[in-house]
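Scroll down for the structure; my scribbles are underneath it.
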Ligand SMILES: *Cc1c(COP(=O)(O)O)cnc(C)c1O
């Protein structure tokens, strides 16, 4: 098999040498089918050998423009140099001791960095885990322990993971929950602020609607936590109307409820700020992070107010691998890269490029009901022209058209009619423009 070096040195171009999938990918797809559970999802039928900058190269030598960053993970680019070096050094020193058994400095350093970078200048603590879902579960455990209450309020269109508790917290049945119940109890869903489908409801009005439901159906003084993505990810990059989040924070604090921001997809500069809460000036009590935290290595965290984080009994939090040393040094290297390369500005730039192009496409084709998002987290919602009726079919065909021509895009949304763009910040302007050209072409070709 081809050996290639990834990272930023990879030629930055879209290039197809074979049909998609090429012969080697076809062969691997057959082996995958025979060996891997068909329950595991798939987007592109090609197998990667290298990635970096703004491209992913497959086993047949095809080079794809990457507008997905492994679902908002490789925000600083794949095989990013500081991360590669830190990981190489760490694996050669030691790979694991279990932080609960024999601690190491990098775990503490990651917690220090998270406490420093997350919103609010109050005293904070962090705890590290492996996956986003695990962080969300732990945030709920901590909030319950602190408040002595059990109920958790979540929102329509929410996505918080695929473990039993986080399936209960996630809104969408197919594919995340279908046939997988029974789900964890004491989870209550209330309406989100979804400007495009809300008929112009303001943030304050949408908050009032959600709060009325909490008051009447849940009972404010029985709620341990209100859990929300400040911009919903899998739900379709839904940006709540201004004022929605601050009203919820105010309500939570009035009633002794822990406000948890799930920044697993929005965090680490992705939205043109270190954390999406900053756009609304809110300070969550607890925050969950994962995805973009460690340049592609599995790591997640809960960060929050010291008195909440320290309310749990000793030994109540942990896990064998949580805060693995290789992942921790990768996180430190990723954070250093974001600071050195001003990832916040890089994503603001990407936002302005994408916004201009997508608005021009809308003027030309009229198929987007909504263009929304912040920074490098922008989505378009496909509707039947002139209506607000979701057009999942068109959306799917546009994505497929792009995939077959070497541009990797991801879909999302409760109605399956959203294309979400999550390019790595290392994508060059030319490549980003070329990727957007392909969207434009795909919309025309699928009319
Ligand atoms: C991806 C995601 C999760 C789950 O993270 P995993 O690492 O896949 O368990 C939770 N919340 C949000 C907002 C996410 O985007």
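Each reported figure results from applying straightforward, stated rules to the coordinates on display, with no laboratory input. No experiment lies behind these values; they were computed from the predicted model shown. Neighbour counts run over all protein chains shown; Cβ positions are idealised from the backbone, glycine included.
Once you order the gyration tensor axes a ≥ b ≥ c over the Cα atoms, which shape class does the chain get: rounded for a/c under 1.5, otherwise prolate or oblate by comparing a/b with b/c? Intermediate values should be presented prior to the final figure.
On the way: a/c = 1.69, a/b = 1.18, b/c = 1.43.
Here the chain falls in the oblate category.
Modelling each spin label as a point 7 Å along the Cα-to-Cβ direction, I'd like the residue 312/residue 384 distance in nm, to one decimal.
My value for the distance between the label points is 4.9 nm.
Calculate, in nm to one decimal, what residue 174 and residue 35 gain on full extension: separation in residues at 0.36 nm each, minus their alpha carbon distance. All intermediate terms of the calculation are to be shown ahead of the outcome.
Details: separation 139, 0.36 × 139 = 50.04 nm, distance 2.39 nm.
My answer for the length gained is 47.6 nm.
Report the gain in length on full extension from residue 88 to residue 204: 0.36 nm times residue separation, minus Cα-Cα distance, nm rounded to one decimal. Provide the component values of the computation, followed by the final result.
Numbers: separation 116, 0.36 × 116 = 41.76 nm, distance 4.98 nm.
Working it through step by step, the gained length comes to 36.8 nm.
Under a 10 Å cutoff between Cα atoms, tell me which one of 337, 266, 95 has the largest fluctuation in the Gaussian network model of the chain.
Result: 95 has the largest fluctuation of those listed.
Using mean Cβ contacts within 10 Å as the protection proxy, how do 292-298, 441-447 order, highest first? Intermediate values should be presented prior to the final figure.
Values: 292-298: 26.4, 441-447: 15.9.
Averaged packing, sorted descending, gives the order 292-298, 441-447.
Taking only DSSP H segments of four or more residues, each worth -39500 (n - 2.57), what value at 222 nm results for the chain once the sum is divided by all its residues, to the nearest 500 deg cm²/dmol? Kindly include the intermediate steps, with their values, before the conclusion.
Working: 13 runs with 160 residues, N = 447.
Helices in the chain give a 222 nm mean residue ellipticity of -11000 deg cm²/dmol.
If we sort 343-354, 198-209 on the protection proxy, mean other Cβ atoms within 10 Å, highest first, what's the order? Please list the in-between numbers first.
Numbers: 343-354: 19.5, 198-209: 16.2.
The packing order, highest mean first, is 343-354, 198-209.
Could you tell me the calculated FRET efficiency between residue 364 and residue 102, based on Cβ-Cβ distance and R0 = 51 angstrom, to the nearest 0.05?
0.25
How much length is gained on full extension from residue 26 to residue 109, taking 0.36 nm per residue of separation minus their Cα-Cα distance? Spell out each step's value before the answer.
Working: separation 83, 0.36 × 83 = 29.88 nm, distance 4.39 nm.
Residue separation times 0.36 nm, minus the Cα-Cα distance, leaves 25.5 nm.
Just order 105-116, 412-423 by mean Cβ neighbour count inside 10 Å, highest at the front, would you?
Details: 105-116: 17.9, 412-423: 24.4.
The packing order, highest mean first, is 412-423, 105-116.
Report the residues of segment 162-200 in range of a label on residue 215: point 7 Å along Cα→C-beta, backbone N strictly under 17 Å from it.
190-191
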